[in-house]
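For reference, the structure discussed in these notes is given below.
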């Protein structure tokens with residue numbers, strides 16, 4: 001299997017892990033706030049990488065990296081952390097239908113066209129639009145179907161582009177730094193950023209009973225974060241941003257599966273239809289990239 005196909009499968013697995021992380025967050029939210037969840041997951045993920053993947057990392061190689069690479073990692077870490085905080089902050093300010101529409105925008109594809117100068121064609125644009133429509137069909141719930149626009153919506157859009165920038169800009173990192181080295185530096189910086197945010201906001205340590213259930217969920221979240229951040233670097237380095245964006249939209253399908261397994265949420269015909277539309281659109285986008293290779 002060549003690197004491009006490895007990247008495709010890694011991004012599909014990443015979409016599955018994102019859906020799995022949603023399950024973990026749903027279970028642990030009654031015990032830990034979002035900032036503490038992010039801080040604990042990033043910190044634990046950093047620790048797990050150092051312990052179990054130490055041989056994959058050459059810290060001397062990181063220290064000797066160019067200023068450009070180190071600054072880029074810092075900027076990407078700040079962009080991701082800011083995007084995550086903005087997204088969480090915006091949720092209470094945004095209507096459900098509007099949130100669904102804005103979250104479904106293919107930000108990575110837009111960034112791929114805008115800053116990575118990937119070739120755009122009418123066919124690519126059409127199938128990306130169809131994939132977007134499929135995600136909307138899967139995600140919308142019973143709402144009045146109107147989109148509002150205000151401070152929360154602006155924050156969501158900025159969040160989407162910040163996280164997309166973090167993803168696609170990995171292509172600018174020098175190949176001298178491998179995916180594990182990029183991941184550990186990124187997670188350590190993100191951990192300090194979230195820790196600093198907690199201190200600035202004056203959030204106290206959660207006074208909850210850390211039973212086995214909470215501990216297991218936190219460890220599981222840390223393990224998933226190890227995989228998601230590594231696979232993001234691995235996948236986006238090997239796959240075009242436009243194709244990667246479509247592949248990650250399959251998270252909505254994995255979310256339906258997870259919802260049924262863990263919460264017995266039975267999908268309706270609209271959600272099943274949206275899944276078929278999305279899968280076919282992703283297939284067509286992949287075929288277009290193979291055609292132009």
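The values are calculated or read from the model by the stated rules, or taken from the named source; none is laboratory data. All values derive from a computational prediction rather than experimental measurement. Here the Cβ positions follow ideal geometry from the backbone for every residue, glycine too, while neighbour counts run over all protein chains shown.
What do you reckon, is residue 202 surrounded by 19 or more Cβ atoms within 10 Å (Cβ to Cβ) and either more than 12 Å from the chain's Cα centre (by Cα) or touching a residue at least 60 places away in the same chain (Cβ under 8 Å) (or both)? So residue 202 does not fit the description; no. Considering the conditions (1) closer than 24 Å to residue 176 by Cβ; (2) in contact (Cβ under 8 Å) with a residue 24 or more places away in the chain; (3) surrounded by fewer than 19 Cβ atoms within 10 Å (Cβ to Cβ), residue 54 is excluded by exactly one of them, (2). The residues of region 117-131 that are assigned to a loop (DSSP other than H, G, I, E, B) and either surrounded by 14 or more Cβ atoms within 10 Å (Cβ to Cβ) or touching a helix residue (DSSP H, G or I) at 6+ places or on another chain (Cβ under 8 Å) (or both), listed by number, are 118, 119, 120, 121. Condition check for residue 89 on (1) modelled with pLDDT under 85; (2) loosely packed, with under 15 Cβ neighbours inside 10 Å; (3) more than 22 Å from residue 248 (Cβ to Cβ): one failure, at (2).
Any residue in region 105-116 that is surrounded by 15 or more Cβ atoms within 10 Å (Cβ to Cβ) and modelled with pLDDT under 80? Checking region 105-116: not a single residue is surrounded by 15 or more Cβ atoms within 10 Å (Cβ to Cβ) and modelled with pLDDT under 80. Taking the criterion of being closer than 20 Å to residue 63 by Cα and touching a helix residue (DSSP H, G or I) at 6+ places or on another chain (Cβ under 8 Å), would at least one residue in region 225-236 satisfy it? Taking every residue of region 225-236 in turn, at least one turns out to be closer than 20 Å to residue 63 by Cα and touching a helix residue (DSSP H, G or I) at 6+ places or on another chain (Cβ under 8 Å). Cβ-Cβ distances below 6 Å connect the following pairs, each with a first residue in region 209-238 that is on the phi < 0 side of the Ramachandran plot and in contact (Cβ under 8 Å) with a residue 12 or more places away in the chain, a second residue that is surrounded by fewer than 18 Cβ atoms within 10 Å (Cβ to Cβ) and part of a loop (DSSP other than H, G, I, E, B), and a separation of six or more residues or different chains: 214/31.
Residue 177 satisfies every condition listed in (1) buried (at least 20 other Cβ atoms within 10 Å of the Cβ); (2) at pLDDT below 90; (3) part of a helix (DSSP H, G or I) except (3). Filter region 42-71 down to the residues that are closer than 20 Å to residue 165 by Cβ and touching a helix residue (DSSP H, G or I) at 6+ places or on another chain (Cβ under 6 Å) and list them by number. Result: 42, single match.
For region 211-282, which fully contained helices (runs of 4 or more DSSP H) count at least 3 residues that are loosely packed, with under 14 Cβ neighbours inside 10 Å? First the steps, then the outcome.
Values: elements: 212-238, 241-248, 251-263.
Those helices (runs of 4 or more DSSP H) span 212-238, 251-263.
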